[in-house]
Every structure is written in structure tokens, then in C-alpha cells.
Amino acid sequence: MADAGSTTGPLVDGVRRALGRVLDPEIRRPVTELDMIGEVSVDGAGAARVGVKLTIVGCPAADTIERDVRDAAASVAGVTTVDVDVTVMTRDERRALTEKLRAGRAARGMQFGPESLTRVYAVTSGKGGVGKSTVTANLAVSLAARGLAVGIVDADVYGFSIPGLLGLVGDDGASVKPTQVDDMILPPVAHGVKVISIGMFVDDASTAVAWRGPMLHRTIQQFLTDVYFGDLDVLLLDLPPGTGDVAISVGQLLPHAEVLVVTTPQPAAADVAERSGVVARQTGQRLLGVVENMAGLAQADGTVLELFGSGGGAETARRLSAGQAETVEVLASVPLSMALREGGDDGVPVVLASPDDPAARAIGTLADRLAVRARGLAGRKLGLSVG
């Protein structure tokens with residue numbers, strides 16, 4: 001019978017330190033910190049045995065966690081072989097994990113209230129088909145590539161497309177499902193971005209969601225309370241086009257959110273784009289700026305083909321600035337791009353697939369502007385009192 005090995009000593013300590021570098025793919029925190037590592041032992045021949053406790057049976061990240069644990073333990077000098085013993089947490093262990101993740105926040109409590117330091121950006125448009133979701137997905141990935149912790153709430157309940165744009169779909173075309181640990185939902189991660197979408201809760205990507213106001217409000221509220229995003233630097237909300245129930249609900253739930261209005265260069269588009277900005281103001285949100293999408297297409301001879309006209313972004317910004325103390329700017333003008341469209345179809349955003357593409361550079365410039373807007377304390381309630 002093989003030596004059971006020692007659970008103490010320099011090699012065991014080295015293995016545990018190495019395991020501290022293994023992140024849970026969904027929670028994005030070390031597995032050691034999450035109490036997912038059980039007993040660790042190493043015998044006299046250098047054979048290591050590591051116990052791993054998954055959150056649930058059928059955990060979608062199981063293979064990744066087992067592989068990363070095995071690789072981390074094998075990297076320790078003196079370890080010759082690694083055996084990973086995978087089990088599942090008990091109910092009490094899962095409860096302790098969710099309490100640790102909430103860090104004192106009540107279950108079903110708002111994660112991104114006025115006291116939060118997370119920058120919340122609601123991406124909206126006056127009408128559909130202007131590339132709002134494409135801009136949202138690429139902007140999120142670009143921000144994550146700059147080292148920020150980023151999440152997306154796909155609040156476009158009727159026309160959800162974020163999972164497909166980020167490649168969170170299986171071979172059957174259905175969206176990747178989130179993991180549920182007790183009453184806490186762990187969002188899937190794509191390209192470093194945590195994502196939640198109603199598309200992850202329907203059986204088929206072609207399923208039509210026919211909900212009215214109260215159901216829509218409850219869904220958005222649940223996304224903001226029951227989904228564990230962790231400590232985010234930036235949260236992006238992809239809103240449905242127009243000025244309907246979801247836009248109003250987001251304004252009520254996140255009145256401190258800042259709004260990016262996406263429009264096209266067509267001057268007539270300024271009419272409808274302006275309305276979405278006005279609704280945001282009516283709910284107390286601040287207009288951060290305008291993003292003009294589908295701008296001129298550069299030709300081989302150096303000319304620019306303006307398929308959708310020009311000036312729509314500037315006109316939208318001008319209208320939204322009228323009578324306001326703060327000027328609304330055009331923050332980016334994203335040109336038409338085959339690579340941008342292809343990246344959306346393939347689930348690999350253009351900012352990663354073709355970073356030198358003009359559209360990728362324009363979105364990258366926008367990300368640079370937003371990335372330096374540090375999470376501030378201005379206007380936040382600190383809960384301090386003077387004795």
C-alpha cells in the first residue's frame with residue numbers, strides 16, 4: 001500500500017502556496033481563499049495528493065479547476081506526481097462560501113447602489129440596429145484588457161445578443177448557463193468579462209421573451225442583486241432600444257448610472273437618439289456622452305464612403321447639450337468595419353481579433369477615456385460620523 005504522505009512540511013507548504021495562484025474561473029478569486037482546497041499531502045517520493053471541493057455537482061468549471069490545480073501543484077520543485085481528488089461541498093460549506101462572498105451584504109441586496117465605487121454605464125439607443133450591443137461587448141472586453149474588473153448585464157430582454165457576441169454559446173447555439181450556488185448566481189466569464197443575460201435562462205436562442213413591465217423590472221432587479229459579480233471597476237448595462245419599461249427600471253434601480261447614447265451618422269437618427277437621453281435625465285442619470293457607430297467606411301484610395309450620411313453623432317450631442325450646464329460630447333466615432341461584424345458573428349470581439357482595425361482603435365480610444373475615470377468617493381455616503 002502506498003504511503004499516505006504527510007500533510008505538513010516544506011513541500012506541502014509549497015503546494016499550498018502554488019494553489020493560491022489558482023483562480024476559480026467564475027468567481028475570479030483564489031480557490032484557497034474560497035475554501036475549495038481540502039487536504040494536501042506529499043509522500044516521501046514526492047507524490048502529491050490534493051483534495052478539491054467543487055461548489056456544486058456538475059460544476060461547468062470542474063475540468064478547468066482540476067487542470068489548473070494539477071499544473072500548480074506539479075510546478076513545485078520536488079513534486080513528482082499529482083493526484084487530484086475531486087468532491088463537492090456540503091450544504092454548510094456552500095452556505096459559508098456564499099456568506100463569505102457577500103462579505104456582510106444581505107442576500108438579495110443591491111450590489112451597485114449609490115455607495116458602490118463601481119462605475120456603472122448604461123448603454124442605450126433610440127432605436128434598434130445601430131450596433132449598441134456590439135459597442136457594449138467590445139467596450140467591455142477592451143476595458144478588461146486594460147486590467148479592469150468588468151461586468152455586463154444584458155438588459156436587452158427582448159433582443160438579447162451579448163452571449164453570442166462574446167462567444168458564450170454552445171455547439172447547439174444555446175447560451176452558456178450560469179452556475180447557481182444556493183441562492184447566488186455565478187455569471188459566466190468571456191474574455192475577462194463577467195456576463196449575465198436573459199438568454200442564459202431560455203432553452204433556445206430563438207425563444208421569444210414576451211414579458212410586461214413588472215416581470216421585466218423583477219428580472220433586472222434580480223440580475224443586480226442575486227448575481228455575484230464581485231468587486232467590479234466597471235459595470236456595463238446593454239439596454240433595449242427606446243424609452244420603455246427597462247430603461248425606466250434601470251433609472252429607478254441605478255439612478256447614479258452614467259449613460260452612453262449610441263447612434264448612427266444619419267442626421268435623422270438624432271431625433272430618436274435624443275429621446276433615450278432625455279428619459280435617462282428624467283430618471284436622474286447623467287449623460288456621459290454619445291458614441292457614433294457605423295461612421296464612414298475608408299476606401300483603398302483614401303476616400304471615405306459615408307453610407308449612413310454624416311453628422312448624426314454631433315447633432316445628437318448638440319441636442320442633448322441644449323439648455324444644460326454640462327456639454328454632452330461625442331466620445332467616439334466607430335467606422336463601418338467588416339472585421340467588427342465578423343468578430344460579432346464569431347464571438348471574438350474585434351478589439352481582440354483585429355486590434356489594428358479602425359473600428360477596434362476607435363473603441364480602444366473610448367476605453368482609454370473611460371479606464372482613467374477612477375472610482376471616486378464624490379457624492380458617496382461613507383457612513384462616518386463626527387464624535
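If the viscosity is 0.890 mPa s and the temperature 25 °C, what translational diffusion coefficient in µm²/s does Stokes-Einstein give for the stretch 91-144 when Rh comes from Kirkwood over Cα pairs? Mind showing how you got there, number by number?
Details: Rh = 14.5 Å.
Calculated translational D: 169 µm²/s.
Among GLN266, GLN324, GLN285, whose mean-square fluctuation peaks in a Gaussian network model of the chain (Cα, cutoff 10 Å)?
Taking springs between Cα atoms under 10 Å, the residue moving most is GLN324.
Assuming a ≥ b ≥ c are the square roots of the Cα gyration tensor eigenvalues, decide whether the stretch 10-101 counts as rounded (a/c under 1.5), prolate (otherwise, with a/b larger than b/c) or oblate.
prolate
State log₁₀ I(q)/I(0) for the stretch 1-54 at q = 0.12, 0.14, 0.19, 0.21 Å⁻¹ as given by the Debye formula over alpha-carbon point scatterers of equal weight, solvent excluded.
Taken in order of the listed q values, log10 I(q)/I(0) reads -0.28, -0.38, -0.63, -0.74.
With contacts defined as alpha carbon pairs under 8 Å and 6 or more residues apart, what's the relative contact order of the stretch 53-175 in percent? Spell out each step's value before the answer.
Values: 52 pairs, mean separation 18.6, N = 123.
Result for the stretch 53-175 is 15 percent.
Estimate the FRET efficiency between ARG318 and ASP63 by the formula 1/(1 + (r/R0)^6), using the beta-carbon distance for r and 51 Å for R0, to the nearest 0.05. Mind showing how you got there, number by number?
Numbers: r = 53 Å, r/R0 = 1.04.
Efficiency, from the Cβ-Cβ distance: 0.45.
How large is the dipole of the stretch 10-101 about the Cα centre if only Lys and Arg carry +1 and Asp and Glu carry -1, each at its Cβ, rounded to the nearest 20 debye? All intermediate terms of the calculation are to be shown ahead of the outcome.
Values: 13 positive and 16 negative charges, 43 e Å.
In debye, rounded to 20, the stretch 10-101 gives about 200.
Would you please classify the overall shape of the stretch 142-195 from the alpha carbon gyration tensor, given that a ≥ b ≥ c denote the square roots of the eigenvalues, rounded means a/c under 1.5, and beyond that prolate means a/b larger than b/c while oblate covers the rest?
Values: a/c = 1.55, a/b = 1.16, b/c = 1.34.
It comes out oblate by the Cα gyration axes.
About the Cα centre of the chain, how large is the charge dipole given +1 on each Lys and Arg Cβ and -1 on each Asp and Glu Cβ? Please answer in debye to the nearest 20.
1400
For helix 312-321, what angle does its Cα long axis make with the longest principal axis of the chain, in degrees from 0 to 90 and rounded to 10?
90
Straight-line reach only, C-alpha to C-alpha below 20 angstrom: list the lysines that LYS194 could link to, leaving out same-chain residues fewer than 8 apart.
Within reach: LYS100, LYS132, LYS177.
Taking Cα atoms of the stretch 94-180, Rg/Rh with Kirkwood Rh, to two decimals? Don't skip to the answer; put the middle values down first.
Values: Rg = 15.7 Å, Rh = 15.6 Å.
Using only Cα positions, Rg/Rh for the stretch 94-180 is 1.01.
With the crude spin-label approximation of a point 7 Å out along Cα→Cβ, what separation in nm comes out for LEU297 versus MET338?
1.0
When the chain is treated as a GNM, springs tying every alpha-carbon pair under 10 Å, which of LEU143, LEU305, LEU186 comes out with the largest mean-square fluctuation?
Of LEU143, LEU305, LEU186, the most mobile in the Gaussian network model is LEU305.
Which one, LEU11, LEU168, GLY126, projects farthest toward the positive side of the charge dipole computed for the chain from Cβ point charges (K/R +1, D/E -1)?
Going by the Cα projections, it comes out as GLY126.
Using a simple spin-label model with points 7 Å from Cα along the Cα→Cβ vector, what separation in nm is obtained for GLU33 and ASP182?
For GLU33 paired with ASP182, the spin-label model returns 2.0 nm.
State the answer as a single residue: which of PHE201, ALA322, SER276 lies farthest towards the positive end of the charge dipole of the stretch 119-371, with beta carbon charges of +1 for Lys and Arg and -1 for Asp and Glu, about the Cα centre.
Towards the positive end, the residue furthest out is ALA322.
With N denoting the number of residues in the chain, provide Rg(C-alpha) divided by 2.2 N^0.38 Å, to two decimal places.
Numbers: Rg = 23.6 Å, N = 387, 2.2 N^0.38 = 21.2 Å.
Relative to the rule-of-thumb radius for its length, the chain sits at 1.11.
To the nearest 10 degrees, how steep is helix 91-102 against the longest Cα principal axis of the chain, on a 0 to 90 scale?
Helix 91-102 and the main axis of the chain meet at about 40 degrees.
For the stretch 10-101, what proportion of DSSP beta bridges, expressed in % and rounded to the nearest 5, is antiparallel?
In the stretch 10-101, DSSP labels about 40 percent of beta bridges as antiparallel.
So, R0 is 56 Å and r is the distance between the beta-carbons of GLN221 and ALA45; what FRET efficiency does that work out to, to 0.05? Before the final figure, lay out each step's value.
Details: r = 56 Å, r/R0 = 1.00.
Once rounded, the FRET efficiency stands at 0.50.
Placing +1 on the Cβ of each Lys and Arg and -1 on the Cβ of each Asp and Glu in the chain, which of ILE27, PRO114, SER337 has its Cα farthest towards the positive end of the resulting dipole?
PRO114
Counting alpha carbon pairs within less than 8 Å and at least 6 residues apart, what relative contact order, in whole percent, applies to the chain? Kindly include the intermediate steps, with their values, before the conclusion.
Details: 761 pairs, mean separation 62.4, N = 387.
For the chain, the relative contact order is 16 percent.
Expressed as cubic angstrom per residue, what is the convex hull volume of the alpha carbon set of the stretch 224-375? It would help to have the intermediate numbers written out before the result.
On the way: hull volume 21.4 nm³, N = 152.
So the per-residue hull volume is 141 Å³.
Once you have a ≥ b ≥ c as the square roots of the Cα gyration tensor eigenvalues for the stretch 337-376, tell me rounded if a/c is under 1.5, and otherwise prolate or oblate according to whether a/b is larger than b/c.
On the way: a/c = 3.60, a/b = 2.22, b/c = 1.62.
Prolate shape, in that a/c is at least 1.5 and a/b is the bigger ratio.
Evaluate the Kirkwood expression for the hydrodynamic radius of the stretch 37-181, namely the inverse of the mean inverse distance over all pairs of different C-alpha atoms, and round to one decimal in Å. Walk me through the numbers on the way to the answer.
Working: mean 1/r = 0.0521 Å⁻¹.
Hydrodynamic radius (Kirkwood, Cα pairs) of the stretch 37-181 is 19.2 Å.
Per-residue HN-Hα couplings for the stretch 352-365, Karplus 6.51 cos²θ - 1.76 cosθ + 1.60 at θ = phi - 60°, whole Hz, x for Gly and Pro?
These are the phi-based 3J(HN,Hα) values: 9, 6, 9, x, 8, 4, x, 5, 4, 5, 5, 5, x, 5 Hz.
By how many nm would the segment from ARG146 to ALA96 lengthen if fully extended, with 0.36 nm per residue of separation less the alpha-carbon distance?
The ARG146-ALA96 span can extend by a further 14.7 nm.
Taking the DSSP beta bridges in the stretch 119-371 as the whole, what percent of them are antiparallel, to the nearest 5? Provide the component values of the computation, followed by the final result.
Numbers: 8 of 40 bridges.
For the stretch 119-371, the DSSP antiparallel bridge percentage is about 20.
Taking the chain as the reference, fit the longest principal axis to its C-alpha atoms, fit the long axis of helix 213-225 to the helix C-alpha atoms, and give the angle between the two in degrees, 0 to 90, nearest 10.
Taking the Cα atoms of the chain, the angle to 213-225 is about 50 degrees.
Read-outs throughout are calculated quantities, based only on the coordinates presented, and are distinct from any laboratory measurement. Here the structure is a predicted model, which is why all the values come from computation and not from measurement. Please note: Cβ atoms are built from the backbone with ideal geometry, for glycine as well, and neighbour counts cover all protein chains shown.
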